[in-house]
Amino acid sequence: MKKLVITMASAAALTFAASCTKQLDKKISNGNNKMKAVQFRIARPTNNLNEVVKFYNEMLGMQIIGKFEDHLGYDGVMLGMPDKTYHLEFTQQAEKVPLPEPTKENLLVFYYDNEDDYKRANERLKNAGIDGVEPENPYWKDKSVTYEDPDRWRVVLFNGVYNPKKDYSGEGTRGLCRPRWGNILVFINLIDK
């Protein structure tokens, strides 16, 4: 009888999981909640604008796609990926100001789809005297090299590309598949008696 109870409990849990997955897939693939923006920029303040720009431009090869000087007390430079839809903006105030300290988990990850390009990027950094650092998260070991920019924010060069197989954003799915464990436990309890 106990074997039957375990089998029934497993079947109930699997049925629930399959049902929940189908509901989530339907909700996530709806498309109405997908972002429609066509570009994004990550902006970050620095007190080392020239050094940071040199790192991302000369060491990593990002293109300078815009800059400004003394705009309301700020200087800034935008650096972009080749298609310019993703870019970084670094700004610096005229007077140095206290800035937030990065953690070892603040990462900017660059994915390389060509191993030769990946190796050249790492060689360029090494030849400039920039050594890799130990990643905080062991996931990045053996498939990438982690560096720190002049402000000690971490940059990962990854040998490969990220290809998500499914959209797991979960947007709008709160409470959609809340388990009814009480019902399953009552069901199991009735069988056991």
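Structure summary
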{"read-out": "Flag for ASP113 being over 25 Å from ALA43 (Cβ atoms), open to solvent by 60 Å² or more (accessible area, probe 1.4 Å) and at pLDDT below 95", "value": "yes"}
{"read-out": "Count of region 121-145 residues which are surrounded by 13 or more Cβ atoms within 10 Å (Cβ to Cβ) and either within 23 Å of the chain's Cα centre (by Cα) or not hydrophobic (A, V, I, L, M, F, W, C) (or both)", "value": "12"}
{"read-out": "Candidate set from region 72-92 (those that are free of Cβ contacts under 8 Å to residues at least 24 places away in the same chain and of a type in the set (A, V, I, L, M, F, W, C)); member that is most open to solvent (accessible area, probe 1.4 Å)", "value": "LEU72"}
{"read-out": "Among the candidates GLU101, GLU69, GLU105, GLU95, residue that is open to solvent by 80 Å² or more (accessible area, probe 1.4 Å), assigned to a loop (DSSP other than H, G, I, E, B) and more than 29 Å from LYS143 (Cβ to Cβ)", "value": "GLU95"}
{"read-out": "Filtered residues of region 54-66 (kept if among the hydrophobic types (A, V, I, L, M, F, W, C) and surrounded by fewer than 17 Cβ atoms within 10 Å (Cβ to Cβ))", "value": "ILE64, ILE65"}
{"read-out": "Pair list, Cβ < 6 Å and 6+ apart or interchain, from region 131-159 residues that are among the charged types (D, E, K, R) to residues that are in a strand (DSSP E or B) and open to solvent by less than 20 Å² (accessible area, probe 1.4 Å)", "value": "GLU148/ARG154; ASP149/VAL155; ARG154/THR146"}
{"read-out": "Residue that is modelled with the highest pLDDT [pool: residues in region 21-49 that are open to solvent by 70 Å² or more (accessible area, probe 1.4 Å) and among the charged types (D, E, K, R)]", "value": "ARG41"}
{"read-out": "Evaluation of HIS87 against (1) modelled with pLDDT under 95; (2) part of a loop (DSSP other than H, G, I, E, B) (one fails), failing number", "value": "(2)"}
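The values are calculated or read from the model by the stated rules, or taken from the named source; none is laboratory data. Just so it is clear, the model here is predicted, and its values are computed rather than measured. So basically every Cβ, Gly included, is an ideal-geometry build from the backbone, and we count neighbours across all protein chains shown. These area figures cover heavy atoms from the full protein model, side chains too; ligands, DNA and RNA do not enter into them. Shrake-Rupley method; radii C 1.70, N 1.55, O 1.52, S 1.80 Å.
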